[in-house]
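Participant: Take this structure first; my questions come after.
The values are calculated or read from the model by the stated rules, or taken from the named source; none is laboratory data. Values in this document were obtained by computation on a predicted structure and should not be read as measured data. Here the Cβ positions follow ideal geometry from the backbone for every residue, glycine too, while neighbour counts run over all protein chains shown. The accessibility values were calculated without ligands, DNA or RNA, using every heavy atom of the protein model including side chains. Shrake-Rupley method; radii C 1.70, N 1.55, O 1.52, S 1.80 Å.
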There are 2 protein chains.
Amino acid sequence: MTMKIKEVADIAGISVRTLHHYDQIGLLCPTSTTEAGYRLYTDEDLEALQQILFFKELGFPLKKIKEIIESPSFNRREALELHQKMLLEKRRRLDQMIATVAKTIQHMKGDIHMSNKEKFAGFDFSQNPFEQEARERWGNEAVDSSNVKLASLSKDEKDGFAEEMNALYARLAALRHTSPHSDEAQAAIKEWYVLLNRMGNYSLDAFKGLGQLYISDERFTKNIDQFGEGLAQFMCEAMGIYTNNHQK
Amino acid sequence: MTMKIKEVADIAGISVRTLHHYDQIGLLCPTSTTEAGYRLYTDEDLEALQQILFFKELGFPLKKIKEIIESPSFNRREALELHQKMLLEKRRRLDQMIATVAKTIQHMKGDIHMSNKEKFAGFDFSQNPFEQEARERWGNEAVDSSNVKLASLSKDEKDGFAEEMNALYARLAALRHTSPHSDEAQAAIKEWYVLLNRMGNYSLDAFKGLGQLYISDERFTKNIDQFGEGLAQFMCEAMGIYTNNHQK
DNA sequence: GTTGACTCTGCCGTTACGTCATACTTTATA
DNA sequence: TATAAAGTATGACGTAACGGCAGAGTCAAC
């Protein structure tokens, strides 16, 4: 019926110290104690704890949680709405930071290690601010092996690839006002996939993700659209279609 | 040439106390002091302060800033990249909170909880009355491949998407009284487009059409407006604007 | 010489616990 | 049953980045 502190802590996945703390600030005081002073928690206490942990997960400070728990008349909805506003504001600031950091990194990276042709082709993940995301989504190995393979190429080889890519860009650009579903478009995009896989390791998912980078990272967009406005968008769609058709 | 503390504080837009603190922890010690012990800052000190404030804006802790400032050999880029990773992780957690808060608010409002089925209704064409229309407008392949992709998602994956969608809904809801043309709104709607494209594949036309569904099919409207009245309308507009801006 | 603005050095408070340190109680083992 | 091991209690310090206050000294102007 009653549980000792460690038992509760283990069930809730928190530390004993945390329960001590909650007792100390009066947030969750155990219903009873033994003569020796051991805290004894009931099932009700456990329920209250769940409530507390729920609000904690939402990022509420313990003081507010105490208010909410203690007075049932407290307007919870209003509190939640206010809280949400704060969270959104926080996110905005975070976004700002992330953008600035990305810009700074980009600035520091500069144009050091890529030739113009390579940059133009725009496939080196180490050059783009979404590298982290790419790594998270598709795994480090895929990204690394792509970059590694790239680094091991001779300059001539690199330029050769860049040329092939540019040619393919031009062909795709010519199709960009037609349907990305068409056999012709899909054939061209297949060549694109094959070409990329001669340089790195692209799973179908990674391929599709790369396509989305073409529209979500404006540097890609800008580079690609030099071959024709809307090409990035078109390629993204075609790559998505290709992936869906071949996956399964 | 040299400035007293308040002068510096006013220029930098920080408090005197903060400068005291920076001196205390050795982050920014003024070059000289008067006999009476007054701190005297030089222009160089001011420059250093700018650096400090820059990194502070990025969310770096003062300790790290001290390391970075003190040792010029310190690998700043690595530090920035690591920092960015942390920020991204932080943002993910924040998004989770936002999504959960939004869900809780809806729950308290007494709104019927949107089931996963409903959430994905707009993306699963076989579930909605516009499938026929969708097929005509965007072709069989698009509709089929989208449906297949959706069906192949595991429950966890669906839940993951649902969370992301909730957070994004909440963010968009916060903007719904501003202009759908704004950079922020368009950035958010772009995220919406990218998110949708991770689930299925949407041409820009399909995206725009989906937006119109949000207001023409009241089931969508009702569901979406749970995040805030007028959200469906706002999203529809923003999606239309996005499409027009990117099509060409 | 006095007033007011400015500056100095502490020191306490903030958040949500983590991490000892020391001492006591209960449980398990030999 | 004696003892070791595990669990528990209280108390206190540390954390990050200052805000705010107190008491005291300094500087410039009127």
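Participant: Taking amide H positions as placed in the peptide plane 1.01 Å from N, state which residues far from residue B:200 in sequence (5 or more) or on other chains have amide H under 5 Å from it.
Facilitator: Placed amide hydrogens put nothing under 5 Å from residue B:200.
Participant: Right, here's the next one. Order the following by accessible area, largest value first: A:3, A:86. Probe radius 1.4 Å; ligands, DNA and RNA are ignored.
Facilitator: A:86, A:3
Participant: Taking the Cβ-Cβ separation of residue B:244 and residue B:56 as r and a Förster radius of 51 Å, what is the calculated FRET efficiency to the nearest 0.05? Working shown, then result.
Facilitator: Details: r = 40 Å, r/R0 = 0.79.
For residue B:244 and residue B:56, the calculated efficiency is 0.80.
Participant: Taking the Cα centre of the stretch A:3-69 as origin and charging only Cβ (+1 Lys, Arg; -1 Asp, Glu), how large is the dipole, in debye to the nearest 20? Could you put the intermediate results ahead of the total?
Facilitator: Details: 8 positive and 10 negative charges, 71 e Å.
In total the dipole reaches around 340 debye.
Participant: Follow-up. Beyond 22 Å between alpha-carbons counts as too far, so tell me which of A:56/B:90; A:208/B:158; A:190/B:208; A:103/A:208; A:90/B:190; A:85/B:103 fall in that bin. If you can, show how the numbers build up before the last one.
Facilitator: Numbers: A:56/B:90 16 Å; A:208/B:158 18 Å; A:190/B:208 27 Å; A:103/A:208 25 Å; A:90/B:190 20 Å; A:85/B:103 14 Å.
Checking Cα-Cα distances, A:190/B:208; A:103/A:208 exceed 22 Å.
Participant: Probe 1.4 Å, all protein chains in place: accessible area of residue A:108 in Å², nearest 10?
Facilitator: Accessible area, nearest 10 Å²: 70 Å².
Participant: Moving on. Whenever you get a sec, line up B:45, A:225 from highest to lowest accessible area (probe 1.4 Å, protein heavy atoms). All intermediate terms of the calculation are to be shown ahead of the outcome.
Facilitator: Details: B:45 15, A:225 40 Å².
Descending accessible area places them as A:225, B:45.
Participant: For a quick check of your reading of the filter: which GluC sites (Glu not before Pro) in the stretch A:34-70 sit in a DSSP loop and have no more than 12 other Cβ atoms within 10 Å?
Facilitator: A:35
Participant: Between rounded, prolate and oblate, where does the stretch A:1-49 land on the alpha carbon gyration tensor, with a ≥ b ≥ c its root eigenvalues, rounded for a/c under 1.5, else prolate if a/b exceeds b/c?
Facilitator: It comes out rounded by the Cα gyration axes.
Participant: Also: What residues qualify as long-range amide H neighbours of residue A:28, i.e. H under 5 Å apart, gap of 5 or more or another chain, H built at 1.01 Å from N?
Facilitator: For residue A:28, whose amide H was placed from the backbone, the distant partners under 5 Å are A:23.
Participant: While we're looking at this one, here's another question. Quote the accessible area belonging to residue A:43 in square angstrom, nearest 10, computed with a 1.4 Å probe and with ligands, DNA and RNA left uncounted.
Facilitator: Residue A:43 has an accessible surface of roughly 80 Å² with all protein chains in place.
Participant: Sticking with this one: Given the protein chains as shown and a 1.4 Å probe, how many square angstrom of residue B:237 are accessible, to the nearest 10?
Facilitator: For residue B:237, solvent-accessible area is about 80 Å².
Participant: Any chance you could check the stretch B:88-105 for residues losing 30 Å² or more of accessible area when the partner protein chains are in, compared with the chain on its own (1.4 Å probe)?
Facilitator: B:88, B:91, B:94, B:97, B:98, B:100, B:101, B:104, B:105
Participant: Right, another one. Return the whole-Å distance between the Cα centroid of the stretch B:152-166 and the Cα centroid of the stretch B:46-69.
Facilitator: Each part reduced to its Cα centre gives a spacing of 39 Å.
Participant: Through the Karplus equation 6.51 cos²θ - 1.76 cosθ + 1.60, θ set to phi - 60°, convert the phi angles of the stretch B:55-71 into ³J(HN,Hα) values in whole Hz; use x for Gly and Pro.
Facilitator: 5, 5, 4, 7, x, 6, x, 4, 4, 5, 4, 4, 4, 4, 5, 5, 10
Participant: For B:49-59, what's the mean count of beta carbons from other chains sitting within 10 Å of each residue's beta carbon?
Facilitator: The shielding value for this peptide is 2.
Participant: Compute for the stretch A:164-248: radius of gyration divided by Kirkwood radius, i.e. Rg/Rh, restricted to C-alpha atoms, rounded to two decimals.
Facilitator: On the way: Rg = 11.5 Å, Rh = 12.5 Å.
Value, to two decimals: 0.92.
Participant: Take A:85, B:6 and sort them by solvent-accessible surface of the protein heavy atoms, 1.4 Å probe, largest at the top.
Facilitator: So the residues, ranked largest to smallest area, are A:85, B:6.
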